[in-house]
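Here the structure comes first, spelled out in structure tokens, and everything after it is commentary.
Every number here is computed from the coordinates shown, using simple stated rules; none is lab data. These numbers were taken from a predicted model, which means no experiment stands behind them. Glycine also receives a Cβ, built like all others from the backbone with ideal geometry; neighbour counts cover every protein chain displayed.
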Amino acid sequence: MMKIGMCMFLWTTHIGPEHEPLLAAIKETGFDGVEIPVFEGAPAHFQKTAKMLDRIGLKRTAVSAMGDPAMNLISAEPATRKAGLEFMEWALECTAALGATQISGPLHSTLGQFSGEGPTEAEIARFHETQRQIGDLAADQGVVVGLEALNRFECYLVNTMDALCGHVREINHPSITAMYDTFHANIEETDPIGALTRNQDVISHIHISENDRGVPGRGNIPWAETFEAIAQTGYDDWLTIEAFGRGLPDLAAATKVWRDFADSPEQVYREGYAHICASMEKAGLNAR
């Protein structure tokens, strides 16, 4: 069933009790659920968050990224890959404790780390090997991993959906899938719509993100064609808004956000929700 979500990156990388009024407002707007960042804390913390979300009536997915080169999953150093696998084991445990069955993000290599060239055959081999190991860990937790292709300014391992999904098919693990992000596709794909429809067989999650990562519907993403493609593929899962602001200096620096893209976060999620509902209706999807 199609669900509309809101990624909490717009406000925080660590949800706590202080966010309950905000989460309640997101629920009141009409969202089915939220995407919870998994960057710190023990599984017990995420169990408490799950109880809060249950009380509010919000479903949830999880999102994470790996910015520390000391745990790069494609490193030539076994100890570095081991650290990355340990991080993923922790993240998957937290995702399960949250009551989520999906964690998405660039969970394949270190965010923002570059070698000065494209991926080598050895790095790709290590990519496949570590993802199969992560797939086993994810299966044990009842969680699916949605790997994200990032633009060339954030990642060098996988930039396009064809590249990512080709690797996902070769990895061939039921718990390792792909996610589609409209922001990254707008930068890297010569045919963003084809990139979605060609790879529908391995896509498990979709991020609705404007070309400036601001308010969905205000920019130049081909939204009508995107939602028509979603309808055509038969995709029937999360459509989650991912937007960024300047509220968190570290996250703003990591995502290269130097200016405000909206008057307020409320404007982002309220206009974004209305945009998704209207776009679904036009595309003949089960609109609200």
How much net charge surrounds N199 when only other residues with a Cβ under 12 Å from its Cβ are counted (Lys, Arg +1; Asp, Glu -1)?
-> -2
What is the list of residues in the range 87-103 whose amide nitrogen lies under 14 Å from a point 7 angstrom out from the Cα of Q47, following Cα to Cβ?
-> 93-99
Relative contact order for the chain using alpha-carbon pairs under 8 Å, separation at least 6, rounded to a whole percent?
-> 18
Give the residues of the range 183-208 whose amide nitrogen is closer than 20 Å to a point set 7 Å from the Cα of D162 in the direction of its Cβ.
-> 183-204
Non-local residues with an amide H under 5 Å from the amide H of L150, with H modelled 1.01 Å from N and Pro and chain starts lacking one, are V158
Exposure proxy check: H167, H128 ranked by fewest other beta carbons within 10 Å?
-> H128, H167
Hand me the GluC sites (Glu not before Pro) from the range 17-101 located in a DSSP loop with no more than 13 other Cβ atoms within 10 Å, in residue order please.
-> E40
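Given the -39500 (n - 2.57) contribution per DSSP H run of 4+ residues, what per-residue ellipticity at 222 nm results for the chain, rounded to the nearest 500 deg cm²/dmol? Let's see the in-between values first.
Numbers: 10 runs with 125 residues, N = 288.
Calculated mean residue ellipticity at 222 nm is -13500 deg cm²/dmol.
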Looking at the chain, do any whole DSSP H helices span at least 27 angstrom along their long axis by alpha carbon and average -1.0 or above on Kyte-Doolittle, and which?
-> 78-98, 121-141
With +1 on the Cβ of every Lys and Arg and -1 on the Cβ of every Asp and Glu, the dipole magnitude of the chain about its Cα centre, in debye rounded to the nearest 20, is 500
Set the Förster radius R0 to 45 Å, insert the Cβ-Cβ distance between A25 and K256 as r into 1/(1 + (r/R0)^6), and round the FRET efficiency to 0.05.
-> 0.95
Per-residue Cβ neighbour rank within 10 angstrom, fewest leading, I187, I26, I4 | I187, I4, I26
Whole-number value, in Å³ per residue, for the convex hull of the alpha carbons of the chain is 119
Viscosity 0.692 mPa s, temperature 37 °C: Stokes-Einstein D of the range 1-70 from its Kirkwood Cα radius, in µm² per second?
-> 261
Using modelled amide H (1.01 Å from N, peptide plane; none on Pro or chain starts), what sits under 5 Å from the amide H of R60, excluding residues fewer than 5 places away?
-> V34
